[in-house]
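Colleague: Here it is: the structure, laid out below.
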Amino acid sequence: MAGLVECSGVSIRFKARGAWTEALAPTELRLAPGSFTALIGPSGCGKSTLLNAIAGFVQPAAGGVAVDGAQVTGPSPEVGVVFQQYALFPWFTARGNVEFALRRLRLPRAERRAEADAALAEVGLHGRGDAFPAQLSGGMKQRVALARTLAARPKVLLMDEPFGALDAQTRASMHELLLGVWERRRTTVLFVTHDVDEALTLADRIHVMASGPGRIIETIELGDRATRDGPAYMDHRRRIIALLRHREE
Ligand SMILES: Nc1ncnc2c1ncn2[C@@H]1O[C@H](COP(=O)(O)OP(=O)(O)O)[C@@H](O)[C@H]1O
Ligand SMILES: [Mg+2]
C-alpha cells in the first residue's frame, strides 16, 4: 500500500535578524499508509514548518523525509497540499483551475476535462465547472482547491489549516466531505489545525506540538471512530487542552 511517510531526525532552522533559530527540533514522525493524522499546537510551534518539509518546500537542516522509501528533495505530485488560502487562479474557471493541475499528465483535451469534472463532482461541485472563483463562496472555493489537489491522485494529502477561514457550519460540511474522500481513496492525510474538536473529529492519531523549539510533546491514539462522543473523547479533549495551555494534568 502506498503513502508511507517517514520523517527521521528532521530539524529545521531559519535565520531571522541575523540569528539562527530552531523552528523544529529533531523530529520523528511516521504516517502509515491510509492513516489520518492531525498536528495540533499553538501558533508558531512549527506545524507548517513540519508539513512544508514533508511537502518538499523546506529543506531540513538535519535528518530527512521519505515517502514510500524515496527521499523527498522537493515538491512532487505524489504529495498534494491544501492551504488555508485557496490559491485559485481568478482568471480560470473552477474546471480550469483543476485542469491546470492536470497539465503535467498531458492528457487529450476531452479526457483532461472529464478528469477535472470528475474531481469537481467528488467534492460536491457537479455542474459548477464553469463558475469563476469570485462567483463561489469560501467553502466552494476550498472545494475547488481540494478537487485540484485530488485530481493529481496524490498518495499523501497535506492540509495546513484548510478550513480555518470558514464558518462553523461550512467547516462541519467540509469535515464530512473530507472524511468521505478519505474513506473512498484511503490517501494518507496529515491535517494541521489549532482546533481541538476539528482534530478529534477527523484524525485517528493526534500529535500535540509545543514551541521553543518546535517539537511533538505527546501523541494521542483515538481508536474507534464509532465511539467518538463517549467519555474517552472528553478525556482526550481535556488532555489536549491542558497540554496546549502548557499544564500537565
Ligand atoms: N521562512 C521563514 N523564515 C524565518 N522564520 C520562519 C519561517 N517560517 C517559519 N518561521 C518561524 O518558525 C517558527 C514556526 O513557524 P510555523 O511552522 O509557521 O508555525 P505554525 O504553523 O505552528 O504556526 C516560527 O517561529 C516562525 O516565525
Ligand atoms: Mg502554520
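The values are calculated or read from the model by the stated rules, or taken from the named source; none is laboratory data. What you see is a predicted model; the values in this text were computed from it and never measured. Because the Cβ atoms are built from the backbone with ideal geometry, glycine has one as well, and the counts that use them run over all protein chains shown. Side chains included, ligands, DNA and RNA excluded: accessible areas come from the protein's heavy atoms. Shrake-Rupley method; radii C 1.70, N 1.55, O 1.52, S 1.80 Å.
Colleague: What's the total number of residues in the range 41-60 that are near ligand 1 (Cβ under 8 Å from one of its atoms) and either in contact with a helix residue (DSSP H, G or I) (Cβ under 8 Å, 6 or more places away or on another chain) or farther than 22 Å from L200 by Cβ (or both)?
Modeller: So the answer is 6.
Colleague: Oh, and also: Restricting to the range 164-181, give me the number of residues that are open to solvent by less than 10 Å² (accessible area, probe 1.4 Å) and either under 18 Å from G223 (Cα atoms) or within 16 Å of ligand 1 (Cβ to nearest atom) (or both).
Modeller: First, pick out the residues of the range 164-181 that are open to solvent by less than 10 Å² (accessible area, probe 1.4 Å): 174, 178, 181.
Applying the additional criterion that residues be either under 18 Å from G223 (Cα atoms) or within 16 Å of ligand 1 (Cβ to nearest atom) (or both) yields none.
Residues in the range 164-181 being open to solvent by less than 10 Å² (accessible area, probe 1.4 Å) and either under 18 Å from G223 (Cα atoms) or within 16 Å of ligand 1 (Cβ to nearest atom) (or both): 0 in total.
Colleague: For the range 114-130, give me each residue that is touching a Leu at 6+ places or on another chain (Cβ under 8 Å), without any contact (Cβ under 8 Å) to a residue 40 or more places away in the chain and assigned to a helix (DSSP H, G or I).
Modeller: Taking the range 114-130 first, the residues touching a Leu at 6+ places or on another chain (Cβ under 8 Å) are 115-116, 119, 122-124, 126, 128-129.
Within this subset, residues satisfying the condition of being without any contact (Cβ under 8 Å) to a residue 40 or more places away in the chain are 115-116, 119, 126, 128-129.
E115, A116, A119, listed by residue number.
Colleague: Counting just the residues of the range 186-204 that are crowded, with 23+ Cβ neighbours inside 10 Å and hydroxyl-bearing (S, T, Y), which one comes out nearest to ligand 2 (Cβ to nearest atom)?
Modeller: T193
Colleague: Scan T73, T21 and give me the residue that is within 15 Å of ligand 1 (Cβ to nearest atom) and not hydrophobic (A, V, I, L, M, F, W, C).
Modeller: Details: T73 fails: within 15 Å of ligand 1 (Cβ to nearest atom).
Selected residue: T21, the only one of T73, T21 that is within 15 Å of ligand 1 (Cβ to nearest atom) and not hydrophobic (A, V, I, L, M, F, W, C).
Colleague: Here's a check for you: in the range 205-237, which residue that is away from ligand 1 (no atom under 16 Å from the Cβ) and surrounded by 16 or more Cβ atoms within 10 Å (Cβ to Cβ) is modelled with the lowest pLDDT? Show your work before the answer.
Modeller: Keep residues of the range 205-237 that are away from ligand 1 (no atom under 16 Å from the Cβ), which gives 205, 219-237.
Narrowing the set further to residues that are surrounded by 16 or more Cβ atoms within 10 Å (Cβ to Cβ) leaves 205, 220, 222, 233, 236.
Numbers: R205: 97, I220: 95, L222: 91, Y233: 88, H236: 94.
Across the range 205-237, the extreme among qualifying residues is Y233.
Colleague: With the structure loaded, tell me whether D167 is more than 16 Å from ligand 2 (Cβ to nearest atom), over 24 Å from H126 (Cα atoms) and more than 12 Å from the chain's Cα centre (by Cα) or whether it fails that test. Write out each step before concluding.
Modeller: Working: more than 16 Å from ligand 2 (Cβ to nearest atom): yes; over 24 Å from H126 (Cα atoms): no; more than 12 Å from the chain's Cα centre (by Cα): yes.
For D167, the condition - more than 16 Å from ligand 2 (Cβ to nearest atom), over 24 Å from H126 (Cα atoms) and more than 12 Å from the chain's Cα centre (by Cα) - is not met.
Colleague: Sticking with this structure for a sec: Of the residues A87, A38, which is touching a helix residue (DSSP H, G or I) at 6+ places or on another chain (Cβ under 9 Å), modelled with pLDDT under 95 and not β-branched (V, I, T)? Break it down stepwise before answering.
Modeller: Details: A38 fails: modelled with pLDDT under 95.
Testing whether each residue is touching a helix residue (DSSP H, G or I) at 6+ places or on another chain (Cβ under 9 Å), modelled with pLDDT under 95 and not β-branched (V, I, T) leaves just A87.
Colleague: Condition first: in contact with a Lys or Arg (Cβ under 8 Å, 6 or more places away or on another chain) and within 15 Å of ligand 1 (Cβ to nearest atom). Now tell me which residues in the range 182-193 satisfy that. Spell out how you get there, then give the answer.
Modeller: Keep residues of the range 182-193 that are in contact with a Lys or Arg (Cβ under 8 Å, 6 or more places away or on another chain), which gives 187-188, 192.
Hit for the range 182-193 is V192, nothing else.
Colleague: Only one of (1) under 26 Å from P231 (Cα atoms); (2) open to solvent by less than 10 Å² (accessible area, probe 1.4 Å) fails for A147. Which number is that?
Modeller: (1)
Colleague: Same structure again: Enumerate the pairs (first residue in the range 160-177 and of a type in the set (V, I, T); second residue anywhere and part of a helix (DSSP H, G or I)) with beta-carbon separation below 7 Å, excluding pairs fewer than 6 apart on the same chain, so at least 6 apart or on different chains.
Modeller: These pairs meet every condition: T170/G138; T170/G139.
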